[in-house]
Amino acid sequence: MKELKVPELAESITEGTISEWLVNPGDHVEKGDPVLELETDKVNVEVNAEYSGVVKELLKEAGDDVEVGDIIATVDENGEAGGEADTSAAEETKAEAAAVAEAPAEEKKEETKVEAAEPAAANKNTLATPAARKRARELGISLDEISARDPFGRVRPEDVEEAAKPKAKPAKQAKDDKSKQSAKTEFEKPVERVKMTRRRQTIANRLVEAQHTSAMLTTFNEVDMTAVMQLRSERKDKFLEKHDVKLGFMSFFTKAVVGALKEFPYINAEIQDNEIVLKKFYDVGIAVSTDDGLVVPVVRDADRLDFAGIESEISRLGKKARNKELSLDELNGGSFTITNGGIFGSLVSTPILNTPQVGILGMHTIQKRPIAMPDDTIQIRPMMYLALSYDHRIVDGKDAVQFLVRIKQLLEDPYDLLLEG
């Protein structure tokens, strides 16, 4: 009989939740066949059989949390598919239970007497008053476990009563119990409890961690999207015909971010112990909303891609995210993140850092507003609020504001981006 264990998945992944078993007891599997789907904090991965044979027993159920190295099933290399599971142990357990149930009543009574006599035997060596011994027998307490307050060490009835009282829980345990009770508040009106997925738990923990471990601050600006929208309108048909991908807004923002990061390198960095790591590459994470929560696949070497390359990569990664097909390599190692709440109608928000990165750009919905122009006329312009959240520990407010201003300038004159791209 061979044991199927949770294999090493990646350096940063040590546990997961069984999302779905792909086999049942009695099924024949070949080495390498997928046997279950495991949900980790980043992606869903399939766990494959390490041996060929028949699945004898599933030791974990769908929804159970498991760690790397846990035994989750057994495989019989010599078994035959469709055969009955090994029930000898279960039958033996049932036989023992039946034997106990059928035992004569007197025999059970004798066992009870022996059990009751054991504490009494132990009590003989303890110095106690007759009343204390009687009360101890009534309460089923061993005198050996009672602390006597009498100067001569004699156990008195009040000592027995004190020992019978429920022990007070340690402060930490009481606090934990109180937290559990508050977390499990009962409601008089109907509610539905839904277990958080592992990915949702990880997202929650990461967001709280980002706020606790960084000096996060957000600065805002607004950008006039007239030029970008006009250029996109002029080029989108030829762009689609030539590159077989639509020209969207994300390529403009990605290019603008890369250009600004080159001018302000501390926003493309991270903190490791007492060192600042300035990254000389531009791997831009693009936040994608899925049914299971937010994921951030990474567009690698965005500075080396043209508009078509960026749009193609964003489209490919977005499709894989929604189909739960992203690999770990496609999620790890970004240097800066862009998130677009505007697709859901958000007018303004403060994005939370995707640690250990020290900067994240928030895009918002485009809204037509009256704007005072340089010639003092009032025009209706498509405006977008931008938000830059940054880690104030290494990014000064001046650099953060100027970084956002530079993005605004590049987007309001996008022809520079085209020339650079």
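The values are calculated or read from the model by the stated rules, or taken from the named source; none is laboratory data. Fair warning: this is a prediction, and the values are worked out from it, not measured in the lab. Here the Cβ positions follow ideal geometry from the backbone for every residue, glycine too, while neighbour counts run over all protein chains shown.
When Asn205 is tested against the conditions (1) in the same structural domain as Val296 (by TED's automatic domain parsing); (2) part of a loop (DSSP other than H, G, I, E, B), the lone failure is (2). If you go through the stretch 218-251 and keep only what is of a type in the set (D, E, K, R) and either surrounded by fewer than 16 Cβ atoms within 10 Å (Cβ to Cβ) or assigned to a helix (DSSP H, G or I) (or both), you end up with Arg232, Glu234, Arg235, Lys236, Asp237, Lys238, Glu241, Lys242, Asp244, Lys246. In this structure, Gly342 does satisfy being not in a loop (DSSP other than H, G, I, E, B) and not acidic (Asp, Glu).
Per-residue answers, yes or no, for (1) without any contact (Cβ under 8 Å) to a residue 60 or more places away in the chain; (2) small (Gly, Ala, Ser); (3) more than 30 Å from Ile394 (Cα to Cα); (4) not in a helix (DSSP H, G or I):
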position: Ala260; (1), (2), (3), (4): no, yes, no, no
position: Ile267; (1), (2), (3), (4): no, no, no, no
position: Glu270; (1), (2), (3), (4): no, no, no, yes
position: Phe281; (1), (2), (3), (4): yes, no, no, yes
position: Asp303; (1), (2), (3), (4): yes, no, no, no
position: Ser312; (1), (2), (3), (4): no, yes, yes, no
position: Arg316; (1), (2), (3), (4): yes, no, yes, no
position: Lys320; (1), (2), (3), (4): yes, no, yes, no
position: Leu326; (1), (2), (3), (4): no, no, yes, yes
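Can you name every residue in the stretch 221-265 that is among the hydrophobic types (A, V, I, L, M, F, W, C) and closer than 12 Å to Ala308 by Cβ? Within the stretch 221-265, Phe239, Leu240, Val245, Leu247 meet the criteria. When you look at Lys255, is it out of contact with any Gly (no Cβ under 9 Å at 6 or more places or on another chain) and part of a helix (DSSP H, G or I), yes or no? The answer is no for Lys255.
Screening the stretch 372-413 for residues that are within 16 Å of Asn221 (Cβ to Cβ) and among the acidic types (Asp, Glu) and picking the one that is surrounded by the most Cβ atoms within 10 Å (Cβ to Cβ) gives Asp399. Gln379 - would you say it is in a helix (DSSP H, G or I) and assigned by TED's automatic domain parsing to the domain that holds Leu278? In short, no.
If you go through the stretch 36-57 and keep only what is modelled with pLDDT of 85 or more and either touching a Lys or Arg at 6+ places or on another chain (Cβ under 6 Å) or over 21 Å from Thr197 (Cβ atoms) (or both), you end up with Asn48, Ala49, Glu50, Ser52, Gly53, Val54, Val55, Lys56, Glu57. Of the residues making up the stretch 171-184, not a single one is modelled with pLDDT of 85 or more and assigned to a helix (DSSP H, G or I).
Checking the structure you have, find out if any residue of the stretch 201-217 is among the hydroxyl-bearing types (Ser, Thr, Tyr), out of contact with any helix residue (DSSP H, G or I) (no Cβ under 7 Å at 6 or more places or on another chain), more than 22 Å from Tyr415 (Cβ to Cβ) and crowded, with 18+ Cβ neighbours inside 10 Å. Scanning the stretch 201-217 turns up at least one residue that is among the hydroxyl-bearing types (Ser, Thr, Tyr), out of contact with any helix residue (DSSP H, G or I) (no Cβ under 7 Å at 6 or more places or on another chain), more than 22 Å from Tyr415 (Cβ to Cβ) and crowded, with 18+ Cβ neighbours inside 10 Å.
For the stretch 345-371, filtered to residues that are part of a loop (DSSP other than H, G, I, E, B) and hydrophobic (A, V, I, L, M, F, W, C), the residue that is surrounded by the most Cβ atoms within 10 Å (Cβ to Cβ) is Val358.
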